[in-house]
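Before any comments, here is the structure.
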Amino acid sequence: MKFQQVAEEFLAYLIHERGCSALTVTSYRSDLKQFLQFLAERDVPGTVEKVTSSVTRQYVAVLWKAGYAPSIIGRRVASLKSLFNYLQESEHISHNPLARVATPKKGRRVLTYLSIEECQWLLDATDQSYFFMLAFRDKAVLGTLMYTGIRRGELLALNTNDVDFQTCTLTVKNGKGGMGRVIPLCEELMELLRDWLEPRPECEHDGVFTTRSGQPLGKHGLQDAFQRAKKAASIEREGITIHSLRHTFASLLLQNGADLVSLQRVLGHSSLDTTAIYLYVQMDGLREAVKKHPLAGR
């Protein structure tokens, strides 16, 4: 079986059966393409039968020597393992030769997030836009990310009927892994959305966020809007990205008494273990709380 052929079949499965987002599928496609290039560079036939545990370990070694981070190496190998799991489950192969291939261990993930003051600076910075319509849009975009914690792809996929001002809710219909969820909206965010939807250009699609010309807002337009606001707000710390707003949302909720299960539901995590990473962010605050124990210091 040709590797390229089964890879395309696998990607189609992710889209139509698993309901994976376009960004997720693009990531898988890139990882599998990189591996196919590795095979070609070493004159290994691009067939499934030639992909062995030995070949894959060589691939890991090449990535490690090239200076790739353990997280990147782990993701690329995980993409390969997912492909071969699919081939095994669909009975194309009898066993997964990659099942026991190990990857370099990675350290604990460091989450970057904004303070309450930085969040406000970022929102206020959108007022400096030359175009009033873009000011309303960018503030609504950043506010939606901050106040709901939704992912970039989920934000770009929002339709106008996903925002319900009567019930004060936002519906994410096709989140990661095809999971949908309903998120409560606070009054501040509803006001930002109303301010944007009023001057929103009339267009043939129902996307909530658009460009000035009425085209659906894309990932590059979203990135540009974020970078403009970050620069205008003079936020220069390293590691602050659009995804940091999701971390900010989760961290602020935990700091203000939200329980982990509720946070899991709002973030759309399939596993509570994924949500638990935010507990490490709160560790300094927990240490201070423990110091105040009445028996401490005796």
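Observations on the structure shown:
- Close pairs from the stretch 110-137: first more than 17 Å from GLY221 (Cβ to Cβ) and part of a helix (DSSP H, G or I), partner of a type outside the set (A, V, I, L, M) and open to solvent by less than 90 Å² (accessible area, probe 1.4 Å), Cβ under 6 Å, at least 6 apart: LEU123/LYS139
- The stretch 166-218, subset part of a helix (DSSP H, G or I) and surrounded by 15 or more Cβ atoms within 10 Å (Cβ to Cβ), residue modelled with the lowest pLDDT: LYS176
- Of all residues making up the stretch 236-279, the number that are open to solvent by 30 Å² or more (accessible area, probe 1.4 Å), of a type in the set (Lys, Arg) and part of a helix (DSSP H, G or I): 1
- Contact map, the stretch 1-17: residues that are over 16 Å from GLN34 (Cβ atoms) paired with residues that are assigned to a helix (DSSP H, G or I) and open to solvent by 60 Å² or more (accessible area, probe 1.4 Å), Cβ distance under 9 Å, separation 6+ or inter-chain. Pairs shown: MET1/GLU49; ILE15/ALA22.
- Some residue of the stretch 56-68 being under 27 Å from GLY175 (Cβ atoms), without any contact (Cβ under 8 Å) to a residue 24 or more places away in the chain and open to solvent by 20 Å² or more (accessible area, probe 1.4 Å): no
- Residues in the stretch 225-241 that are under 14 Å from GLU117 (Cβ atoms) and among the small types (Gly, Ala, Ser): 2 in all.
- Residue satisfying all of: in the stretch 146-165; open to solvent by 10 Å² or more (accessible area, probe 1.4 Å) and hydroxyl-bearing (Ser, Thr, Tyr); farthest from GLU118 (Cα to Cα) among these: THR160
- Some residue of the stretch 9-17 being modelled with pLDDT under 85, among the hydroxyl-bearing types (Ser, Thr, Tyr) and within 27 Å of the chain's Cα centre (by Cα): no
- Residues that are hydrophobic (A, V, I, L, M, F, W, C) and exposed (fewer than 14 other Cβ atoms within 10 Å of the Cβ), drawn from the stretch 2-14: ALA12
- Scanning the stretch 126-145 for residues that are in contact with a Lys or Arg (Cβ under 9 Å, 6 or more places away or on another chain) and open to solvent by 10 Å² or more (accessible area, probe 1.4 Å) yields ASP127, GLN128, SER129, PHE131, MET133, LEU134, PHE136, ARG137.
The values are calculated or read from the model by the stated rules, or taken from the named source; none is laboratory data. The structure displayed is predicted, hence computed values, not measured ones. Cβ sites come from the backbone with ideal geometry, for glycine too, and all protein chains shown count toward neighbours. Areas reflect the complete protein model, heavy atoms only, side chains present, ligands, DNA and RNA absent. Shrake-Rupley method; radii C 1.70, N 1.55, O 1.52, S 1.80 Å.
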